[in-house]
Amino acid sequence: MATVKLVNVNKVYDGGVHAVHDFSIDIQDKEFIVFVGPSGCGKSTTLRMIAGLEEISYGELYIDGKLMNSAAPKDRDIAMVFQSYALYPQMTVYNNMAYALKLRKVPKAEIDERVRAAAEILKLTPYLDRKPRALSGGQRQRVALGRSIVRRPKVFLMDEPLSNLDAKLRVAMRSEIVRIHREVGATTIYVTHDQIEAMTMASRIVVMRDGFIQQIGEPDYIYQYPANMFVAGFIGTPAMNFLHGTLQGEYFLPDESRDRIKLTQSQLEMLKNYQGKRLVYGIRPENLVYEQSGRYEQFAAQSFEVSRGIVEKLGDIINVHCTLGNTEIVVKMNSKYGSGLEGKPNIRVAAESDYARFFNESTTMAITPENNAYEETPAREEPQEESAVPSPVQPQKKNFIEVFKAKFKK
């Protein structure tokens, strides 16, 4: 397969709309990379620049070490799977998969070998003589994948291929795509707004917002060590809880609460520059321990009272929606504690101290032992180092429109 490298890639549309800023990443052979972020963050635009469907305004794209900025899409040796299946309704599954090879004048024997090999991988062999209207949504999506696989491209590009499927089928197709990726061994770049897809499928995730990379890293690392409050709030369901407050001595004092959350010695050492100053205490819903739990006493020094709201019953677990003043708090707990919540307007929960994360309130950047300087002025968001929590001090954005003008004047 292939490596893909983007170096400071930017996309500026007519009128000065800067859709992608300084996008840089090194994608290794056979990796499964997922671009994830909310609508309008620039993830699909970046994918289309890799495919050659959008012109790169500034920066460089390399596939297998070759500069591809000016190469036509057909010369990049990539295959793209779109949100819509785009199958030919009058053709059988076999002919849909074989069509691109026929256009390339590939010998019939080789076409047959490739199509049948792909059909075996995709479990489509019994359906080769059917037309798309006789297939389910998942089967049609597999045919679209098969059409790409038979071409044996260097890179597979997938733009939200599962968004048209129902929830149960999406779960099944996620595992199918991961299985196919492992069997084919293809370098794959996958775009989605669904963070669950990103967490379950990717070897590495690229989290984007407003055209900027927020963080790059393995799913577990990003989940445990988010670079900023946006990543912490975007990755994870339900999202991380954020308590705004002040550090006083060895305690964090949440706003609108009479409780004090005791910090560990390592946390106090990391937050030494924040004494008497404001910061944000982050804790995920599953790391809040309910007072009726047998583990509660272990973390009682990190406990606080919240007002109980609605309870979402999800079978083996429940999500309890609470408030602390004007702050929404979600507690994820075992459903066996659900009956004990009845008639309780307030409950106490304790934070598992090892899983607490801290953020600069002004910059929203994560506070770490390596980056713990106190910063009062808001910092701009910038591309982050892979698998690293960034410094809260960030450079100003470049005006690339002016760069283009100066370049062409020369």
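A few remarks follow.
- Of all residues in the range 155-169, those satisfying the criterion of being over 19 Å from TYR127 (Cβ atoms) and either buried (at least 18 other Cβ atoms within 10 Å of the Cβ) or without any contact (Cβ under 8 Å) to a residue 24 or more places away in the chain (or both) are VAL155, PHE156, LEU157, MET158, ASP159, GLU160, LEU162, ALA167, LYS168.
- Filter result for the condition that a residue is over 26 Å from ILE180 (Cβ atoms), small (Gly, Ala, Ser) and under 17 Å from the mean Cα position of the chain (by Cα), over SER39, SER70: SER39
- The single condition among (1) among the basic types (Lys, Arg); (2) free of Cβ contacts under 8 Å to residues at least 40 places away in the same chain; (3) open to solvent by less than 50 Å² (accessible area, probe 1.4 Å) that LYS108 does not satisfy is (3).
- Among the residues making up the range 14-28, those that are surrounded by fewer than 14 Cβ atoms within 10 Å (Cβ to Cβ) and either of a type in the set (Gly, Ala, Ser) or touching a residue at least 24 places away in the same chain (Cβ under 8 Å) (or both) are GLY15, GLY16.
- PRO132 being closer than 19 Å to VAL34 by Cα and out of contact with any Gly (no Cβ under 9 Å at 6 or more places or on another chain): no
- Any hit, the range 197-217, residues being buried (at least 21 other Cβ atoms within 10 Å of the Cβ) and of a type in the set (Asp, Glu): yes
- Taken together, the criteria place VAL106 among residues that are over 26 Å from SER163 (Cβ atoms), of a type outside the set (Gly, Ala, Ser) and not in a helix (DSSP H, G or I).
Table: residues versus (1) part of a helix (DSSP H, G or I); (2) polar (S, T, N, Q); (3) buried (at least 20 other Cβ atoms within 10 Å of the Cβ).
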position	(1), (2), (3)
LEU253	no, no, no
TYR281	no, no, yes
GLN292	no, yes, no
ALA300	yes, no, no
VAL331	no, no, yes
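- Taking the range 170-215 as the range and being touching a residue at least 24 places away in the same chain (Cβ under 8 Å) and charged (D, E, K, R) as the test, the residues that pass are ARG170, ARG174, GLU176, GLU183, ASP194, GLU197, ARG204, ARG209, ASP210.
- Which listed residue is acidic (Asp, Glu), farther than 23 Å from GLN195 by Cβ and out of contact with any helix residue (DSSP H, G or I) (no Cβ under 6 Å at 6 or more places or on another chain), from GLU60, GLU31: GLU60
- Of the strands (runs of 3 or more DSSP E) that lie entirely inside the range 30-94, those containing 2 or more residues that are open to solvent by less than 40 Å² (accessible area, probe 1.4 Å) and at pLDDT below 95 span 78-81.
- The lone exception for GLN275 - which of (1) surrounded by fewer than 14 Cβ atoms within 10 Å (Cβ to Cβ); (2) under 30 Å from ASP194 (Cβ atoms); (3) modelled with pLDDT of 95 or more it fails: (2)
Residue-wise test of (1) closer than 16 Å to PHE359 by Cβ; (2) of a type in the set (Ser, Thr, Tyr).
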site: PHE252; (1), (2): yes, no
site: THR264; (1), (2): no, yes
site: GLY276; (1), (2): no, no
site: TYR281; (1), (2): yes, yes
site: SER293; (1), (2): no, yes
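- GLU381 falls short of the stated requirement of being closer than 30 Å to ASN273 by Cβ, open to solvent by less than 50 Å² (accessible area, probe 1.4 Å) and modelled with pLDDT of 80 or more.
- When GLY15 is tested against (1) within 24 Å of ILE177 (Cα to Cα); (2) out of contact with any Lys or Arg (no Cβ under 9 Å at 6 or more places or on another chain); (3) part of a loop (DSSP other than H, G, I, E, B), only condition (1) is not met.
- Check on ALA100, in a helix (DSSP H, G or I), within 30 Å of VAL143 (Cα to Cα) and open to solvent by 20 Å² or more (accessible area, probe 1.4 Å): yes
The values are calculated or read from the model by the stated rules, or taken from the named source; none is laboratory data. Just so it is clear, the model here is predicted, and its values are computed rather than measured. Heads up, the Cβs are rebuilt from the backbone with ideal geometry, glycines too, and the neighbour counts pull from every protein chain shown. Surface areas here come from the heavy atoms of the whole protein model, side chains and all, with no ligands, DNA or RNA. Shrake-Rupley method; radii C 1.70, N 1.55, O 1.52, S 1.80 Å.
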